[in-house]
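Okay, so here's the structure we're looking at.
The values are calculated or read from the model by the stated rules, or taken from the named source; none is laboratory data. Quick caveat: nothing in here was measured; it's all calculated off a predicted structure. Here the Cβ positions follow ideal geometry from the backbone for every residue, glycine too, while neighbour counts run over all protein chains shown. Heavy atoms of the whole protein, side chains included, go into the accessibility calculation; ligands, DNA and RNA do not. Shrake-Rupley method; radii C 1.70, N 1.55, O 1.52, S 1.80 Å.
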Amino acid sequence: AADNVIEHYGVAPERVHVVEMGAQHTSKWEAEELERRVEARLDAPLRLLWMGVEWERKGGDVALEVARELHERGLPVELRIAGNAPEEVKDLPFVTFLGFIDARRRPEELAEVFGSSYALLLPSRAENTSMVLADAASFAVPSLTSDTGGMHAMVHEGVNGHILALDTPPADYADVLQRYWKDPSSYLAL
């Protein structure tokens, strides 16, 4: 839309600004507390968070395969599923099913889930813009997502996460996470 205003209406680029969407659920913690929580993630299992109601569209099956790959590589991974998931997924040894977390009734629980998550994993197949990406950033949780829809409005490559091609195999997502797991300073910078 911004490019369209510049190109078709001749508005000077310096006069066109994109105001990005903000988080719906934001951290109430001070910067020092956020930093403490980020550093604590380095000594915990690799807790990946997947949030969504539509398992297929939001790439829940891909997230599951990423976690399975990391588990098979011997990393201490835990895929935490907040939302909906098929029954057969809920009992896997590397999966913790959280169910739906109502932020209006249980905001502290939602904050704890975000605050202790190593990364948000949302390999969506179709998405306009997912608010959970902004929510994760509010809690200093990097996101790994797919290049679909408006994901670039929420995730800035190498700043607060990574956007991978829509057809990226789960092993490549696992490679990105494993690189950060082996290089804590890179994770802290992200």
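For the stretch 22-50, which residues satisfy the criterion of being farther than 19 Å from residue 135 by Cβ and open to solvent by 60 Å² or more (accessible area, probe 1.4 Å)?
32, 36, 39, 43
So which helices (runs of 4 or more DSSP H) stay within the stretch 76-190 end to end and still have 3 or more residues that are surrounded by fewer than 20 Cβ atoms within 10 Å (Cβ to Cβ) and out of contact with any helix residue (DSSP H, G or I) (no Cβ under 7 Å at 6 or more places or on another chain)? Spell out the reasoning first.
Details: elements: 107-115, 131-138, 170-182, 184-189.
Ranges flagged: 107-115, 170-182, 184-189.
In the set 19, 53, 5, which member is open to solvent by 50 Å² or more (accessible area, probe 1.4 Å), modelled with pLDDT under 95 and within 28 Å of residue 172 (Cα to Cα)?
On the way: 19 fails: within 28 Å of residue 172 (Cα to Cα); 5 fails: within 28 Å of residue 172 (Cα to Cα).
Step by step, each of 19, 53, 5 is checked, and only 53 is open to solvent by 50 Å² or more (accessible area, probe 1.4 Å), modelled with pLDDT under 95 and within 28 Å of residue 172 (Cα to Cα).
Out of 127, 157, I need the residue that is closer than 22 Å to residue 20 by Cα and free of Cβ contacts under 8 Å to residues at least 12 places away in the same chain. Which one? Steps first, please.
Numbers: 127 fails: free of Cβ contacts under 8 Å to residues at least 12 places away in the same chain.
Going through 127, 157 in turn, the sole match is 157.
Only one of 39, 33, 20 is of a type in the set (Asp, Glu) and under 19 Å from residue 109 (Cα atoms). Can you tell me which? Give the steps one after another, and end with the answer.
Values: 39 fails: under 19 Å from residue 109 (Cα atoms); 20 fails: under 19 Å from residue 109 (Cα atoms).
Every option except 33 fails the conditions.
Scan the stretch 58-66 and give yes if some residue there is farther than 26 Å from residue 156 by Cβ, assigned to a strand (DSSP E or B) and of a type outside the set (A, V, I, L, M, F, W, C), otherwise no.
Checking the stretch 58-66: not a single residue is farther than 26 Å from residue 156 by Cβ, assigned to a strand (DSSP E or B) and of a type outside the set (A, V, I, L, M, F, W, C).
Regarding residue 67, is this residue open to solvent by less than 50 Å² (accessible area, probe 1.4 Å) and closer than 20 Å to residue 180 by Cα? Give the steps one after another, and end with the answer.
Working: open to solvent by less than 50 Å² (accessible area, probe 1.4 Å): yes; closer than 20 Å to residue 180 by Cα: yes.
Yes.
In the set 50, 29, which member is in contact (Cβ under 8 Å) with a residue 40 or more places away in the chain, among the aromatic types (Phe, Trp, Tyr) and closer than 17 Å to residue 144 by Cβ? If you could, list the steps in order and put the result at the bottom.
Values: 29 fails: closer than 17 Å to residue 144 by Cβ.
Of the residues listed, the single one that is in contact (Cβ under 8 Å) with a residue 40 or more places away in the chain, among the aromatic types (Phe, Trp, Tyr) and closer than 17 Å to residue 144 by Cβ is 50.
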